[in-house]
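Heads up, the thing below is written out as structure tokens.
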Amino acid sequence: MRVLFLFLDGVGLGPDDPAINPLARAPMPNLTNLLAGNRLVAGAAPLEAARASVVALDACLGIPGMPQSASGQAALLTGRNVPALIGGHYGPWPNQAIADLLANGNLFRAVRRAGKQAALLNAYPPSYFAAVQSGRRLYSAVPQAVVSAGIPLRTADDLRGGRALSADFTGRGWHDRLGLTDIPLLTPAAAGRRLAALAAELDFAFFEYWLSDYAGHGQDMAGALGLLASLDAMLGGLLAAWDDAGLIVITSDHGNLEDLSTRGHTPNPVPAVVIGAAAARHALTSSLGSLPDLAPAILRAILA
């Protein structure tokens with residue numbers, strides 16, 4: 001079975017309070033309709049709708065302190081309690097212990113070892129590769145897992161050729177921030193349709209959306225509302241094009257965006273939204289309770 005993993009960085013299940021939680025305030029008709037009229041806030045999980053299931057995942061994993069990106073993402077990708085193994089939550093970029101755990105076993109590597117096709121669908125600009133090669137930048141946990149599995153990261157040429165997506169879905173950031181004005185621009189809905197088409201070519205496709213975490217750290221309500229509107233429009237295109245013979249899994253590594261009263265991460269559980277045929281999504285969600293439960297459940301679905 002095909003699985004598309006849509007990773008939203010820093011999105012927890014927060015209070016149903018529009019003063020601090022943009023997820024309680026933003027008009028998100030596609031997500032709301034998917035969730036049978038519910039918003040993605042505290043109390044929304046567990047939820048069963050016609051096309052989707054939602055469960056809450058523990059991101060703290062029994063370790064004191066606030067969850068962090070590197071250890072949380074590594075827990076999602078390895079199926080292991082990474083904070084417990086390394087002695088605490090850690091981030092934003094992997095330390096050597098996390099890099100070693102990712103290299104020695106992650107979901108991308110497991111899918112490839114099973115003879116299946118896997119890829120990260122984000123495109124990275126030339127400046128990113130130059131910074132990593134020079135040592136001025138480290139891989140975050142997701143690209144670290146991908147390259148350790150022997151899978152190449154997708155490039156600007158892939159973005160130009162329609163084989164990848166930009167971090168903001170539309171390509172606008174590549175124009176405005178990077179000056180790469182030859183990059184084709186997409187509407188969010190068209191980006192969702194492209195995401196569905198690219199995932200259809202793979203057994204396991206992954207897309208990393210990190211702008212949500214940035215908006216949370218910035219405590220930027222207006223920016224967060226605009227970001228969620230774009231995300232919802234992309235989701236509309238994705239859902240319209242998606243064949244429910246496969247599964248979409250949407251989840252996060254820790255809370256942040258759902259509580260703009262603080263600049264930091266939160267201890268809130270994170271949502272796991274699973275979209276597809278009822279039997280397949282129930283088989284996946286039945287074993288979910290915390291971040292490390294997700295990788296083995298996804299692998300079982302792919303190999304079923």
Report task. Scan region 78-136 for residues that are open to solvent by 40 Å² or more (accessible area, probe 1.4 Å) and small (G, A, S) and jot them down. Result -> A84, G87, A97, A114, G115, S127, A130, S134, G135
Query raised in the report: Mind checking whether some residue in region 203-223 is in contact with a strand residue (DSSP E or B) (Cβ under 7 Å, 6 or more places away or on another chain) and open to solvent by 20 Å² or more (accessible area, probe 1.4 Å)?
Result: yes
Report task. Residue by residue through region 22-45, note down the ones that are of a type outside the set (S, T, N, Q), in contact (Cβ under 8 Å) with a residue 40 or more places away in the chain, open to solvent by 30 Å² or more (accessible area, probe 1.4 Å) and farther than 30 Å from W93 by Cβ. Result -> R25, P27, P29
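In region 144-186, what residues are touching a residue at least 24 places away in the same chain (Cβ under 8 Å), assigned to a helix (DSSP H, G or I) and either open to solvent by less than 60 Å² (accessible area, probe 1.4 Å) or in contact with a Gly (Cβ under 9 Å, 6 or more places away or on another chain) (or both)?
Across region 144-186, the qualifying residues are Q144, A145, V146, S148, A156, D158, L159, W174.
Anything in region 270-295 that is among the charged types (D, E, K, R) and open to solvent by 40 Å² or more (accessible area, probe 1.4 Å)? List them, or say none. Can you show your working first?
First pass over region 270-295, keeping only residues among the charged types (D, E, K, R): 281, 293.
Correct list: D293 only.
From the list A145, A141, A156, which residue is over 26 Å from G115 (Cα atoms) and not polar (S, T, N, Q)?
Working: A145 fails: over 26 Å from G115 (Cα atoms); A141 fails: over 26 Å from G115 (Cα atoms).
A156 is the lone residue from the list that is over 26 Å from G115 (Cα atoms) and not polar (S, T, N, Q).
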Requested in this report: Quick one: count up the residues across region 229-264 that are surrounded by 24 or more Cβ atoms within 10 Å (Cβ to Cβ) and in contact with a Pro (Cβ under 6 Å, 6 or more places away or on another chain).
Outcome: 2
Requested in this report: Check R300 against each of (1) closer than 13 Å to A56 by Cα; (2) open to solvent by 20 Å² or more (accessible area, probe 1.4 Å) and name the one condition it does not meet.
Outcome: (1)
Report task. Could you check, for region 46-67, whether at least one of its residues is of a type in the set (D, E, K, R), outside any loop (DSSP other than H, G, I, E, B) and either surrounded by fewer than 22 Cβ atoms within 10 Å (Cβ to Cβ) or at pLDDT 95 or above (or both)? Result -> yes
Query raised in the report: When L198 is evaluated against the numbered criteria (1) open to solvent by 30 Å² or more (accessible area, probe 1.4 Å); (2) under 19 Å from the mean Cα position of the chain (by Cα); (3) not small (G, A, S), which criterion, by number, is the only one it fails?
Result: (1)
Requested in this report: Look at D203 and say whether it is at pLDDT below 95 and over 15 Å from the mean Cα position of the chain (by Cα).
Outcome: no
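The values are calculated or read from the model by the stated rules, or taken from the named source; none is laboratory data. Note that the coordinates shown come from a computational prediction; the quantities given were computed from them, not determined experimentally. Glycine also receives a Cβ, built like all others from the backbone with ideal geometry; neighbour counts cover every protein chain displayed. When the accessible area is computed, the model is the full protein with side chains, heavy atoms only, and any ligands, DNA or RNA have been set aside. Shrake-Rupley method; radii C 1.70, N 1.55, O 1.52, S 1.80 Å.
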